[in-house]
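Encoded as structure tokens, the structure appears first; notes follow it.
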Amino acid sequence: ESKPSPHDEL
Amino acid sequence: MNIFRLFGDLSHLASILILIHKIQTSRSCRGISFKTQALYVAVFVTRYLDLLYAEHVSIYNTFMKLFFIGSSCYILYLMKVRFRPTQDPSIDTFRLEYLLGPSVVLALIFNYTFSFTEVLWAFSIYLEALAILPQLFMLQRTGEAEAITTHYLAALGAYRALYIPNWLYRYFSEGTVDPIAVVAGIVQTGLYVDFFYIYFTKVLRGQKFELPA
């Protein structure tokens, strides 16, 4: 499971 | 980007345009919770000021962030300045500290990195999940709503609902999971369940939005 970075969702 | 997320974002955009349209054409912000709108400004500012320091994502992303910050501030201006006399604080009584407090605590405990920007991001996610509560509470108190207000809420709820298939899609296609956004998002969507029930069974059949006594 990966950490989303940068946060690409609004 | 997938179709669920795109339509979710467009639905979010539409909800804001519906709200501005409602306020401007009726020249009134009756039935709209100022507290909820103020919380959205806090949500957008704390989350989207990453425009100043985070990696560039896309033009779409930047445009939407600027739109959400700008439009939410504009709505506050409409409510507090332009149509101030039509805004009634006496029915907008949900206590903000019940939402801000837990959001701060949750952000300090559950974040991806214990850094200022990541805690701020997590805070904005938790606060967004709860920000609709003053509005739903107000609806509960008045027991009815204008059709246009319910369309606003339906578009906002649809945006949240569409993010769920978006996460499923991303899980299967990219293998990515954002547990903070997913858990908060599911809670947030759950808050709309009662509203949607009445919206589908009454408003979309041409009846007035009225809560059962």
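Since every read-out is calculated from the coordinates, none of them should be taken as a lab result. In this text, all values refer to a predicted model and were calculated from it rather than measured experimentally. Virtual Cβ from ideal backbone geometry, glycine too; neighbours counted across all protein chains shown.
If contacts are Cα pairs under 8 angstrom and at least 6 residues apart, what is the relative contact order of chain B in percent?
Taking the mean separation of contacting Cα pairs over the length of chain B, I get 31 percent.
So, R0 is 25 Å and r is the distance between the beta-carbons of B:Asp194 and B:Leu17; what FRET efficiency does that work out to, to 0.05?
Efficiency, rounded to the nearest 0.05: 0.50.
Rounded to the nearest 0.05, what FRET efficiency do B:Phe110 and B:Leu66 have when you use their Cβ-Cβ distance and R0 = 22 Å? Working shown, then result.
Numbers: r = 28 Å, r/R0 = 1.28.
Efficiency at R0 = 22 Å is approximately 0.20.
Identify, among B:Phe123, B:Pro212, B:Thr36, the residue whose Cα sits farthest towards the positive end of the charge dipole of the protein assembly as shown, taking +1 on the Cβ of Lys and Arg and -1 on the Cβ of Asp and Glu, with the dipole about the Cα centre.
It is B:Pro212, whose Cα lies furthest towards the positive end.
Under 15 Å from a point placed 7 Å out from the Cα of B:Lys202 along the Cα-to-Cβ direction: which residues of the stretch B:154-194 have their backbone N that close?
B:154, B:193-194
Starting from 0.36 nm per residue, how many nanometres of slack lie between B:Gln140 and B:Tyr74 once their C-alpha separation is accounted for?
Result: 21.2 nm gained on full extension.
If you take the charge dipole of the stretch B:1-107 about its Cα centre, with +1 on Lys and Arg Cβ and -1 on Asp and Glu Cβ, which of B:Ala14, B:Pro102, B:His56 is farthest toward its positive end?
B:Ala14
Please report the relative contact order for the stretch B:4-79, taking Cα pairs under 8 Å with a sequence separation of at least 6, and give it as a percent rounded to a whole number.
Relative contact order of the stretch B:4-79: 41 percent.
For a quick size check, give me the Cα extents of chain B along its three principal axes, largest first, whole Å.
Cα extents, longest axis first: 44, 35, 32 Å.
Which value, in nm² and rounded to one decimal, describes the direction-averaged projected area of the C-alpha convex hull of the stretch B:1-98?
7.6
Taking the Cα centre as origin and putting +1 on Lys and Arg beta-carbons and -1 on Asp and Glu beta-carbons, what dipole magnitude results for the stretch B:1-152, to the nearest 20 debye?
Roughly 480 debye, rounded to the nearest 20.
Can you give the FRET efficiency to the nearest 0.05 for B:Asn2 and B:Leu100, using r as the Cβ-Cβ distance and R₀ = 41 Å?
0.80
Using only helices, what value at 222 nm comes out for the protein assembly as shown when you add -39,500 (n - 2.57) per DSSP H run of length 4 or more and divide by the total residues, to the nearest 500 deg cm²/dmol?
Numbers: 9 runs with 145 residues, N = 223.
Computed ellipticity for the protein assembly as shown at 222 nm equals -21500 deg cm²/dmol.
What share of Cα pairs, in percent, lie more than 23 angstrom apart in the protein assembly as shown?
Above the 23 Å cut-off, the protein assembly as shown has 47 percent of its Cα pairs.
Would you mind computing, in nm to one decimal, how far apart the modelled labels at B:Val81 and B:Ala147 are, each placed 7 Å from Cα along Cα→Cβ?
3.3
Sequence gap at least 6, Cα distance under 8 Å: using those rules, report the relative contact order of the stretch B:40-166 to the nearest whole percent.
It comes to 28 percent, rounded to a whole number.
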